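The values are calculated or read from the model by the stated rules, or taken from the named source; none is laboratory data. Bear in mind the structure is a predicted one, so any value in this text is a computation, not a measurement. No Cβ is skipped: glycine too gets one built from the backbone with ideal geometry, and neighbour counts run over all protein chains shown.
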Amino acid sequence: MDTSKSDVKRIFERQAYHLAALIILMSILFYSDEIVSYQEGEFLGLSSGIWFWASIFAAILHQAYTWLFWRLELYLGYLTKKFGKHSFTVFKVLFAFFGLSRLLIFPMAYSNRHTLELPALFQWGLSSILLLLSGYLFYSVIRWFGINRAAGLDHFKPDEAKEWGFVDKGIFRFTSNGMYLFGFLFLWVPGLMLESSGALLAAAFSHTYIWVHYYCTEKPDMEYIYQ
């Protein structure tokens, strides 16, 4: 794929909106300290505030990494030039690392436990529904969509991707945006089960922010790849 000025510009397509949305979301988090008790508690010698911000910045780093290297590869073939046939493997290792870092919301919830009072039926009932939906999503990804496609293999093989078609099995029978609608539901569960107001706030941030990623990064990329 030939490199042009338009390709370089495409790397930053809609990222001004991404940055603006992130500033708004971060402002809400900073000012929510007076309403949500995310500073209360500690775990392993670290305050809940540290666990909270660690989980927030893990989400930001994950999405910033994905945006940058998806775009560098898609429009400039950057990783392929550097690592050849191993380019996607190199990308996927760090992608998985940053993805797993989102699990910091679990120790965050434990450190901030019992800062809310929730009815037991609401806790268990809603948590069970969220786990079932997210579990069905992950099963559908593994069974029909594929982990590699979920990690953005089409950005590395855009010409081949045009022939793959869209998946319409499993949870994808009901929505083409299954990963965005249901994939992050499990992040709400630790906050619900441990009655952690801070963990619920962190889950709300992550679930909202992944939609910023969709509209500002993945959606325009899909339009380019599958045009």
Give the residue that is surrounded by the fewest Cβ atoms within 10 Å (Cβ to Cβ), with candidates limited to residues of segment 39-59 that are touching a residue at least 60 places away in the same chain (Cβ under 8 Å) and within 23 Å of CYS216 (Cβ to Cβ). ILE56
Tell me, please, whether a residue that is surrounded by fewer than 13 Cβ atoms within 10 Å (Cβ to Cβ), aromatic (Phe, Trp, Tyr) and farther than 30 Å from GLU40 by Cα can be found in segment 143-164. no
Could you check segment 1-116 for helices (runs of 4 or more DSSP H) lying wholly inside it with 1 or more residues that are out of contact with any helix residue (DSSP H, G or I) (no Cβ under 7 Å at 6 or more places or on another chain), within 15 Å of HIS213 (Cβ to Cβ) and aliphatic (A, V, I, L, M)? 15-31, 48-76
Condition check for PHE98: aromatic (Phe, Trp, Tyr) and crowded, with 19+ Cβ neighbours inside 10 Å: no
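Of everything in segment 165-196, what is of a type outside the set (A, V, I, L, M, F, W, C), surrounded by 15 or more Cβ atoms within 10 Å (Cβ to Cβ) and within 19 Å of GLU223 (Cα to Cα)? Give them in sequence order.
Result: GLY178, TYR180.
I'd like to check something: does segment 122-129 contain any residue that is touching a Ser or Thr at 6+ places or on another chain (Cβ under 9 Å) and buried (at least 17 other Cβ atoms within 10 Å of the Cβ)?
no
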Are there helices (runs of 4 or more DSSP H) fully within segment 151-219 with at least 3 residues that are in contact (Cβ under 8 Å) with a residue 60 or more places away in the chain and of a type in the set (Val, Ile, Thr)? List them. 197-213
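Look at SER134 and say whether it is assigned to a helix (DSSP H, G or I), among the small types (Gly, Ala, Ser) and farther than 20 Å from GLY170 by Cβ.
Values: assigned to a helix (DSSP H, G or I): yes; among the small types (Gly, Ala, Ser): yes; farther than 20 Å from GLY170 by Cβ: no.
Answer is no for this residue.
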Kindly check whether there is at least one residue in segment 16-38 that is polar (S, T, N, Q), modelled with pLDDT under 95 and surrounded by 14 or more Cβ atoms within 10 Å (Cβ to Cβ). yes
